[in-house]
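Taken together, the values in this text are just the output of simple stated rules run on the coordinates, not laboratory data. Source: prediction; values computed, not measured. Quick reminder, even Gly has a Cβ in these numbers, built from the backbone with ideal geometry, and neighbours come from all protein chains shown.
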Amino acid sequence: MLSKFHQILAFALFITWTCGTVLNSSIVAVYVSDWKKGLKLGACDQIILTMGCNNLLMQSFLTFELMVLTYQLYGLFTKDILLSSFFFGFNMALSLSLWLTAWLSSYYYLRLVNFSNRFFIRLKRGISTVVVYCLLGTVVGLFLVHMPVIWTMHIIRDQNITKINSIFNDKIPFLFNFTFSCYLPTSMTSFCIVLTLMSLLKHIHKMKQNTSEFWNPQLKNHVKACRTMLLLFAANLILFLAIFVSSLQYNTGTIGNYVIWFIMISNPSSQAIILLFGNSRLATAWSKFLSFQ
């Protein structure tokens, strides 16, 4: 018989999993439907579609891992390789979420800012091809970085205490993994946002001279894109801090650690809401669905 706390926890897990799955599934459904209709997906659409698919995986991984840690369900993993594979997928999904936000911010930066440098002009023109290579390169890079966890992770059972040991428990491998997987994409996102906002403020300052063109559709789209970037950055900065704090003390026995885990579990839903209302195609599809209901 589960205690009242564990019953509440199970209910909260069900709610967060349901919300994250429904919201991100709607994002994937919109783009899959457009693709079936023969509509071309742009670079931004490709990134957001990948974010939706990754959020579905991340939501499931986070929910299942918290269940395993809370209810001590290590018996489900009869072999260490099963546990290692699970944690490999879990770490990949978390890291990819941060990197996808970084690439989306980079895309907005290239699209919104006017450049005089030839390199950035060419990069801007071939952004669709560049995005594909960036996404593939990120997946391959994260795969290689997280691959050692499969061969080094194993369960240590000592009486009633179960511990997980891996190469990432050592300081140097952990710092390298954390830098590439979390710190680098978060820094990249903040850098793009700062430069984009600076460009937007300069643009607004120039347009103030002509009040008739001040709030034209183009400027409104720029402001909307910047707002989406800031909200995604805020959501992923919170995720980044939660990952960092949880890595310092791998223990779910305190209320503080449960709070950290639920911050991470809520991230896929938060990202989905920001994308649904920050992207015109998704917002239109979602509004049609709500009006139909």
Run the simple label-point estimate for Tyr133 and Ile8 please: 7 Å along Cα→C-beta, distance reported in nm.
5.3
In whole angstrom, note down how far apart the Cα centers of region 218-239 and region 18-75 are.
20
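Give me Arg227, Arg111 ranked fewest to most by other Cβ atoms within 10 Å of their Cβ, as a rough exposure proxy.
Working: Arg227 13, Arg111 16.
Arranged by neighbour count, lowest to highest, Arg227, Arg111 become Arg227, Arg111.
Order these by the 10 Å Cβ neighbour count, fewest first: Lys37, Lys124. Mind dumping the intermediate values first?
Working: Lys37 7, Lys124 16.
Placing the least packed residue first, the sequence is Lys37, Lys124.
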Quick one: length gained pulling Leu195 to Leu123 fully straight, 0.36 nm per residue minus the C-alpha distance?
24.2 nm
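List Leu96, Leu200 from most exposed to least, where exposure is judged by having the fewest other Cβ atoms within 10 Å.
On the way: Leu96 24, Leu200 17.
Ordered by Cβ neighbours within 10 Å, fewest first: Leu200, Leu96.
Taking every pair of Cα atoms in region 6-121, average 1/r, invert it to obtain the Kirkwood radius, and report Rg/Rh to two decimals.
With Rh from the inverse mean 1/r over Cα pairs, Rg/Rh is 1.11.
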